[in-house]
Structure formats: structure tokens, C-alpha cells
1. Being surrounded by 18 or more Cβ atoms within 10 Å (Cβ to Cβ) and more than 14 Å from the chain's Cα centre (by Cα) is the filter; apply it to region 317-329 and report the residue that is nearest to the ligand (Cβ to nearest atom).
2. Of the numbered conditions (1) touching a strand residue (DSSP E or B) at 6+ places or on another chain (Cβ under 8 Å); (2) over 17 Å from residue 188 (Cα atoms); (3) without any contact (Cβ under 8 Å) to a residue 24 or more places away in the chain, residue 356 satisfies every one except a single condition; which is it?
3. How about region 142-160: which of its residues are crowded, with 18+ Cβ neighbours inside 10 Å and closer than 16 Å to residue 126 by Cβ?
4. Looking only at region 279-325, count how many residues are in a helix (DSSP H, G or I) and without any contact (Cβ under 8 Å) to a residue 12 or more places away in the chain.
5. Cβ contacts < 9 Å: first residue at positive phi, restricted to region 33-48; second residue more than 8 Å from the ligand (Cβ to nearest atom) and part of a helix (DSSP H, G or I), any location; separation 6+ or different chain. Result?
6. List the pairs whose first member sits in region 101-113 and is closer than 9 Å to residue 275 by Cβ, whose second member is more than 13 Å from the ligand (Cβ to nearest atom) and assigned to a loop (DSSP other than H, G, I, E, B), and whose Cβ atoms are under 7 Å apart, counting only residues at least 6 apart or on separate chains?
7. Scanning region 6-42 for residues that are surrounded by fewer than 22 Cβ atoms within 10 Å (Cβ to Cβ) and under 10 Å from residue 63 (Cβ atoms), which turns out nearest to the ligand (Cβ to nearest atom)?
8. Take region 68-80 and flag every residue that is in contact with a helix residue (DSSP H, G or I) (Cβ under 9 Å, 6 or more places away or on another chain) and assigned to a loop (DSSP other than H, G, I, E, B).
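The values are calculated or read from the model by the stated rules, or taken from the named source; none is laboratory data. Here the structure is a predicted model, which means the values were calculated and not measured. Counting neighbours? That spans all protein chains shown, and the Cβs are built from the backbone with ideal geometry, glycine included.
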Ligand code: FAD
């Protein structure tokens, strides 16, 4: 192998694993090194807040087994994170002391769970959920805890809350914003989710101020909610994730001053054209508008990996994939496609059961976003409409007697 032509991927998460797939399919496996900070083979993260937490019989699900990487010719470096990038010599240094030269370096370092300075996740009854190790720890804490407090009403917090409720725990969700899922879904969907969680017995409190953390003997004993003291048995922080870009920043790559995400162009190139960034750690220009986005989703990680592979193969294509996301919360399967417009008009399409529906968001005549609850067929059809740039008139699209796919 010509080491000068090596493709080094930093981070064995969804984006890194998807890039390995694309490079192997292009016959570039033998030039590829995948450097993983974790000891595991690259694995699926979404089940960690869903099936994995529910049962100790569930195991971590690897994307590919070890034999697949060997067959593709990809060199795996496990539990050996990259500590530094030397852009002048085009090498990276690993914790083991190894030094890898690269022709292409791809940062797929993901994001790290946010914590509060007063609440380190090292406290015995405080948890976050990002990695398989976090999930194992949380699962074992859930085995004994009866009362669970979840900080944050975003997707991960609500998935954990729903899972804990199904396990028979008494669950509270404390959210600072006036509604759930403030950053990602419409007020109408957020309201539906709120009502469903409350009906399932989860004590969801909105617009609350949490503080005065009392730590005793390495445990969080109590906190105050709107000034009232409450005892804590187990607290899970679901307050978002921050892009993991310490390496990029130390190497002097241009990063977003707001959150530190690596700034890339539509081909996933950073300010150093030999270094690409993909997935949760990257801020990219939206195709068409140029507005900067950073998305945390499996779709975004997978599709940006394909764009990076095209760039590496000398056939760059601007990234323009339709964003989509899903979440499972108790009996609710939520699916979103497209990005919620700041202003637009919502139309409701009833789903196949009373508890299912889709919200079709229009800006003028144009369908821009679809949110569905337990309506997977409608959702897939709507996604195809969005991908094809088709916008049936709302009255027609919301007629449940006509399958949505007929408008495609
Ligand atoms: P990651 O998958 O986080 O991978 C980054 C990897 O880089 C990590 O393994 C990290 O250890 C490694 N790394 C970091 N620094 C270094 C270094 N210096 N050297 C080597 N390795 C390094 N998305 C959905 O679309 N639907 C869902 O239902 C959903 N559920 C989720 C549930 C949970 C619990 C979590 C945590 C996320 C969920 N997501 C979901 C989000 C989705 O998993 C992420 O968007 C996706 O994993 C992003 O992929 P990534 O490769 O960018 O980052």
C-alpha cells in the first residue's frame, strides 16, 4: 500500500462506518484507516436509548463485523484515539504513539453529551447517554432506581423517559423551555408528544428553572425546581450534545464560533482542502440557501459520508440530501423529513388510526417538511414527494381516502 495515499478517518461512529462502506465499494478499502476512540467496533447509536435500555438481553449492534473490515482491507485502530493533527507533515498522532500519514483526513468525531458544570456525570447517580459505555451504565442504574429525573425534553431525554416509564419507574422530565422538542418539531407535534407522555404517567414540567444541586458522598442528593427542593434518586442529563472538535480547533481549522463545529463546504472540505469533516461535528451550507446547518442524525452522517467519498474520488458533488429523522417514544414512532420552516402553514392529514397523523408544512404552495406520528406509509410517501420537489395542493394531500403515494 502507498501510505502517502492513505485515507485516515477519525471516529468510528455512524459517519465513519458509512464512509468505510463507500470507500470499500469504490475499491479504496486498502488505503483506508479507521481510527476509533472507543474499543467497540463501530455500532448503531439509536438503539441505545430505545431497545438496549429496556432489556439486559439486548447487545450493542455493530455496523459490520471485524471480518468485513479485514476483507475490505481497512485497517482498524481501536481504543486508540487521535491526539493531534500535524497539517504541515500531513500526519496524525495516536494515543499509542503511532503516527499515520494521510493524503486525505476525514474528521468524523461526532458530538459529546453536554453536562452542567455543577453536575459531572462522574457522580454515582448522574448519567448521560452518548456511547455504548454510557448506555451500559445507565441500564445498570435503571435496574435499581425507582424514581428517575430527566433533565431536558429533547429527543434523547424523552426516549429515556418513555423507556423508564415502560420499565415501571416513576419519571419526571424537567424542561427549561416553554415546550418540548423546541429546536426540532412544530408546536402542534410537541403538544401531541406532551399529552401522550403525561397520559403515560410521566410528570413533564415545562418552563422550569433547575439549580441548587446538593452533592453528598459523591451522589446528587437533591436539587431545586423553581426554588422548591426535590430529592433525587437517579438523574439523567438529556440537555443536548456539542460537536467534538477539539482536534480540529487545535489544528487551526476554521470552526463555527457559536458551537465549535468544523466549517465545511458543500463537498465536506474544511478550510484545509486535504481535511474533510462529516456528521455531527460538521457545519455545512444548506444547498440553495447557503445557510449554515449542523444536524445530528443518522441520515446526515450516512449521506455526508457518501459526499466525502465522492470528493475523495475526485468527483465532488454538492451535499443536498433531504434531512430526515425518527424517534421512538413509548408507543409513538415520530418521523420528520425536511426542515421546519420559521414561517409556514401546517395541514393535518389523518393517519390510519386515531392516534396517528401527519403534519404537512407548506411555505406558499411548496411542501417543505413533513412530521408523522405512527403513520410510516404516509411518511415514506411524503418523503418521496419532498425528494422529488412535488407539492400536491394541501386539500388533496390531506384527503385520507387517497393514498399519499398517488401524488408522487
Ligand atoms: P458518532 O456516531 O457520535 O461517532 C463519533 C465517534 O468519533 C465516536 O465513536 C467517538 O468516540 C469518536 N471520536 C471522537 N474523537 C475521536 C478521536 N480524537 N479519535 C478517534 N475517535 C474519536 N439519530 C437518528 O437519526 N435517529 C435516532 O433515533 C437517534 N437516536 C439516537 C440515540 C442516542 C442515544 C444517540 C446518542 C444518538 C442518536 N441519534 C439518532 C443521533 C445519531 O446517532 C448521530 O447523529 C450519529 O451517531 C452521528 O454520527 P457521527 O459519526 O457523526 O458521530
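1. Per the criteria, the residue is 329.
2. Going through the list (1) touching a strand residue (DSSP E or B) at 6+ places or on another chain (Cβ under 8 Å); (2) over 17 Å from residue 188 (Cα atoms); (3) without any contact (Cβ under 8 Å) to a residue 24 or more places away in the chain, residue 356 breaks only (2).
3. Within region 142-160, 142, 145, 148, 149, 150, 151, 152, 156, 157, 160 meet the criteria.
4. Adding up the residues that qualify gives 0.
5. none
6. From residues that are closer than 9 Å to residue 275 by Cβ, the pairs are 102/6; 102/90; 104/274; 105/274.
7. Among those residues, the one meeting the criterion is 41.
8. 73, 74
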